[in-house]
Amino acid sequence: MTVVHYRCSSCVDHPPAFARARSAFRYRGGVTHLVQALKYGQATYLGDDLAIGLEAAWKACEAVERPDLVTCVPLHRIRFRERGYNQAALLAQAFSRRIRCDVDPHRLLRRISTPTQTRLNAAARACNVKGAFMDRGDGWTRGRRIILVDDVMTTGATIRECARVLREAGAVTVWAITVARG
């Protein structure tokens, strides 16, 4: 099987901090319903099923180097309290089991409670998440290869910002993987 690596115009014009981003599905049809059920409908059992797609997407473009860690986009404690769980953490944990890699869903912290991005354009999304994340600051990230997991990548603003923070903390490589691409 031949894997085609596509580079979006945004990444060509403004290279991101992640080495590669891969999504298992397009964000439409049944996948939309599954992701929304996981995220907003307490359907936490879907994390294991959706991780099968993450694993397939990862294996289709697996890097030569083995990752050191799987982590995820964090929720702010206020949103975590409202929802009761972080859907990206559930996905990261299930995905890490499938690829047999260590997981730390708390490698990144969300220090600013940002409004939802669902109705924002690309520029507003980038401004919304700028400075919202931080590495735990214990030095562990330095020299590591990290897979960053989230549920949906729309404009890439959140993934870009999280990857930037990980790289600034010393990660040598950050790969982004999401269930769906909007």
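Summary of values
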| read-out | value |
| --- | --- |
| Of all residues making up segment 90-109, the number that are in contact with a Leu (Cβ under 8 Å, 6 or more places away or on another chain) and of a type in the set (G, A, S) | 1 |
| Test: residue in segment 105-120 that is free of Cβ contacts under 8 Å to residues at least 60 places away in the same chain, closer than 19 Å to Y45 by Cβ and surrounded by 16 or more Cβ atoms within 10 Å (Cβ to Cβ) | yes |
| Verdict on V172 being in contact (Cβ under 8 Å) with a residue 12 or more places away in the chain and either of a type in the set (F, W, Y) or farther than 27 Å from D49 by Cβ (or both) | yes |
| Residue in segment 85-94 that is under 17 Å from T154 (Cα atoms), at pLDDT 95 or above and surrounded by 21 or more Cβ atoms within 10 Å (Cβ to Cβ) present | yes |
| Output for segment 56-71, where each listed residue is more than 12 Å from I147 (Cα to Cα) and either surrounded by 14 or more Cβ atoms within 10 Å (Cβ to Cβ) or under 16 Å from the mean Cα position of the chain (by Cα) (or both) | A56, A57, C61 |
| Only listed residue being of a type in the set (G, A, S), surrounded by fewer than 19 Cβ atoms within 10 Å (Cβ to Cβ) and either touching a residue at least 40 places away in the same chain (Cβ under 8 Å) or out of contact with any Phe, Trp or Tyr (no Cβ under 6 Å at 6 or more places or on another chain) (or both), chosen from G41, G53 | G41 |
| Pick from segment 72-84, criterion assigned to a loop (DSSP other than H, G, I, E, B) and out of contact with any helix residue (DSSP H, G or I) (no Cβ under 9 Å at 6 or more places or on another chain), ranking: surrounded by the fewest Cβ atoms within 10 Å (Cβ to Cβ) | G84 |
| Breaking point among (1) within 17 Å of the chain's Cα centre (by Cα); (2) farther than 21 Å from E161 by Cβ, for G84 | (1) |
| Residues satisfying the stated conditions in segment 19-44, i.e. among the charged types (D, E, K, R) and not in a helix (DSSP H, G or I) | R20, R22, R26, R28 |
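So that you can scan it fast, the table gives a plain yes or no per residue for (1) out of contact with any Lys or Arg (no Cβ under 6 Å at 6 or more places or on another chain); (2) within 23 Å of Q42 (Cβ to Cβ):
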| site | (1), (2) |
| --- | --- |
| P74 | no, yes |
| Y85 | yes, yes |
| Q93 | yes, yes |
| G131 | yes, no |
| A157 | no, no |
| R167 | yes, no |
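Here is a yes/no grid of residues against (1) polar (S, T, N, Q); (2) within 13 Å of A94 (Cα to Cα):
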| residue | (1), (2) |
| --- | --- |
| Q42 | yes, no |
| D49 | no, yes |
| A57 | no, no |
| V70 | no, yes |
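The values are calculated or read from the model by the stated rules, or taken from the named source; none is laboratory data. Worth saying up front: this structure is predicted, and the values here are computed from it rather than measured. Reconstructed Cβ throughout: ideal geometry from the backbone, glycine too, with neighbour counts over all protein chains shown.
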